[in-house]
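Every read-out reported here was derived from the displayed coordinates using simple, explicitly stated rules and does not represent laboratory data. From a predicted model like this one, the values you see are computed outputs, not experimental measurements. Here Cβ is always computed from backbone atoms with ideal geometry, including for glycine, and neighbour counts include all displayed protein chains.
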Amino acid sequence: MNLLHVTLLAVLVFGFVLLVVDRRRPRLAGSYVRYVLLALIAVATLTPFVWLACAAVKESNVLMKYVLLPPISEWGEALGLTSYRKLFAPRASLHGPIQFWQYLLNSVFLASAATIIQTLFCSMGGYALSKYRFAGQRAVMLFMIGSMTLPGMLLLAPLYKMMVGFGWMDSYLALLIPGAASAFGIFLFRQAMISVPDSLLEAARIDGASELFIYWRITMPLVRPMTAAFCLIVFMGQWNAFIGPQIFLHSGYKLTAPVMLSQYMMQFGEDYGVFLSGTFLCILPIAVLFLALQREFIAGLTSGAVKG
Amino acid sequence: MKPASNYHPVQRAAPYWFLAPYLLLALVFFIYPLFEATRLAFYQTHGALAREWVGLDNFVFLFRDRNFIQALSNTAIFAICNCALMVPISLGLALLLNTRNNRFKGFFRVLFFSPNFVGQIFVGIMFAVIFLPRYGLMNRFLQTLLGWGLETEWLTDPAMVMPALILTNLWMYVGFNMIYFLAALQNVDDSLVEAARIDGAGPWAVFWNVTLPSIKPVAIFVLVVCMINSFQFFDLPWAMFRQTFGPGNSALFMVSYLYDSAFHTGDLGLASAVGWVLGAIIMLVSFVQIKVLGTGTEDA
């Protein structure tokens, strides 16, 4: 019998009592069971995050001793930032010493650049498909759907060969250009832009607005929530990307944080604190962005798929 | 919308200009590599430049290679178990959350969804430590709850590797798929549910005869996407097992095999052949699922 058992038992007994006593309002017992289940799943979902946050501030000698945080009386010696100091210590490379900051900056740059390029190209494509009617439109749409069913991994080997041919190895171009416009993104923007009223665009046209003006100054501001969601999707995708940077980048100073962390995992072996604090640091900015934009993000994900 | 003939010439050209970046990129970085992958599959290469024609030998080699067969079976087992658990669990979670007056719906929705924003590499690093014997969070939790020993070797016992990977994958994506089911459940016609209730149908009958048929298209969508993604499983096991294939190749998946043959062996031809086997399986599985289950709608 431990604290966890006692808590679970109390929850069960209370539910049973509700079920027996409250015969007139059986809904109450039902929603009790519902909330207990939801709460349990919520705890299961959050625990790894909480565990990681605690691991990131513990000293390595007590990292495994306490599951979460040590008792307050030991905080003085058990908590500390030694693992960060190890993580950020300059490391020798062919191009001189490199700090972990460099990888974070590279990741930020790559993710931001990918976001800008993809948002531009995908919104342009989505605008064309939603606001014009033109010869070949159906063919383009069918091609896009077809392209989404093929696994991206199939193209990995030939893309590698192409990048060697282009001289783009060890260059960010290899990561930014091939994926600069995705069928998925174009469909997302098409879905959002369909609801922009045609009469508005027509009125602008009569006033002499150029097609570019109508796209950039009239349509884009009207799909701002969708744009925010898409930016976040792309940013996250690039921030978390592993296989591309791993294959196409070689120079130490160009690598991204996920690639480096997976290498640290092998280098530091048992010194879990180092790569766990690095992981915590990489999750944090994305978590903030996600919480700020979660409503748009979730709406963006479902807009294309449901009701199709 | 006006018919195309009424457009001014500038307007008629405009959509092509707007689509030009995508079309150009698709031509260079999709269509060309696709042909190249098909061609390469019949060659053996040494790095990116040297190659020799081997005909169908790549495919013959693959199906005689014990490692590839293991990658194939690991991937299939993972895909089947993962989706068989993923679909019902995420649907169950959506049903649990989908009540009319659930004040905390938005809160739970974001919370369950949240593991999804963490990349597979980061999750792999976290869970490599969570699954450690003796000290890991998982074993500690199981011991406190059920009194199981602390010595379960999640990451070094080949038999435990698959359960560990599936558990981690479920943790990551159940909330993600739940979002789709929640959206579908909100579109279920309330009057149908009410009519069934008046006719004396119990909650189970209502679910089976009214709710399930109306969310069928989304359920099939989730299943097909789950299968497609499961067959391309790579980042998570790669990080969790520190860039190895796990004990006894138990974490060797088709994409790991592809990655290894392309970038360690240096045979882009063999890798392309693996890619085509993978592509063929994915297309076949998606096709069969959609044929057998139907798309569930007439206009989809």
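Per-residue Karplus couplings for the range B:242-252, computed as 6.51 cos²θ - 1.76 cosθ + 1.60 with θ equal to phi - 60°, are listed in order as 6, 6, 10, 9, x, x, x, 6, 6, 10, 8 Hz, Gly and Pro entered as x.
Take the Cβ-Cβ distance between B:LEU146 and A:ASP207 as r, set R0 to 51 Å, and report the resulting FRET efficiency rounded to the nearest 0.05. E between B:LEU146 and A:ASP207, to the nearest 0.05, is 0.10.
The alpha carbon convex hull volume per residue for the protein assembly as shown rounds to 190 Å³. Exposed loop sites are taken as GluC sites (Glu not before Pro) in a DSSP loop (any state but H, G, I, E or B) with at most 14 other beta carbon atoms within 10 Å; the longest stretch of chain B without one runs B:1-150. Using a simple spin-label model with pseudo-atoms 7 Å out from Cα toward Cβ, B:VAL288 and B:TRP204 lie 3.1 nm apart.
Among A:PHE100, A:PRO90, A:LEU4, pick out the residue whose Cα is farthest towards the positive end of the charge dipole of the range A:1-138, where Lys and Arg carry +1 and Asp and Glu carry -1 on C-beta, about the Cα centre. Comparing the listed Cα positions along the dipole, A:LEU4 ranks first.
Net charge within 13 Å of A:LYS58 by Cβ-Cβ distance, Lys/Arg positive one each and Asp/Glu negative one each, not counting A:LYS58 itself? After counting each charged neighbour, the total is -3. For chain B, complete DSSP H runs whose alpha carbons reach 24 Å or more along their own long axis and whose mean Kyte-Doolittle score is 0.0 or higher are B:9-26, B:66-97, B:158-186, B:212-231, B:268-293.
By other beta-carbon atoms within 10 Å, ranking B:VAL129, B:VAL288, A:VAL62, B:VAL224 with the fewest at the front produces B:VAL288, A:VAL62, B:VAL224, B:VAL129.
Taken as Cα centroids, the range A:87-143 and the range A:236-303 sit 15 Å apart, rounded to the nearest whole angstrom. Taking amide H as placed 1.01 Å from N in the peptide plane, A:LEU79 has its amide H under 5 Å from the amide H of A:GLU59, each at least 5 places away in sequence or on another chain.
The orientation-averaged shadow of the Cα convex hull for the range B:1-117, equal to a quarter of the hull surface, comes to 16.0 nm². Amide H contacts for A:ALA56 (H built 1.01 Å from N in the peptide plane; partners 5 or more residues away or on another chain; cut-off under 5 Å): none found. In chain B, if the dipole is taken from +1 on Lys/Arg beta carbons and -1 on Asp/Glu beta carbons about the Cα centre, which of B:GLN186, B:PHE30, B:ALA239 is farthest to the positive end? My answer, from the dipole projection, is B:GLN186.
Put in order of Cβ neighbour count within 10 Å, fewest first, the listed residues B:CYS226, A:CYS122, A:CYS54 become A:CYS54, B:CYS226, A:CYS122. Using a 4.7 Å Cβ-Cβ cutoff, the cysteines of chain B lacking any partner cysteine are B:CYS81.
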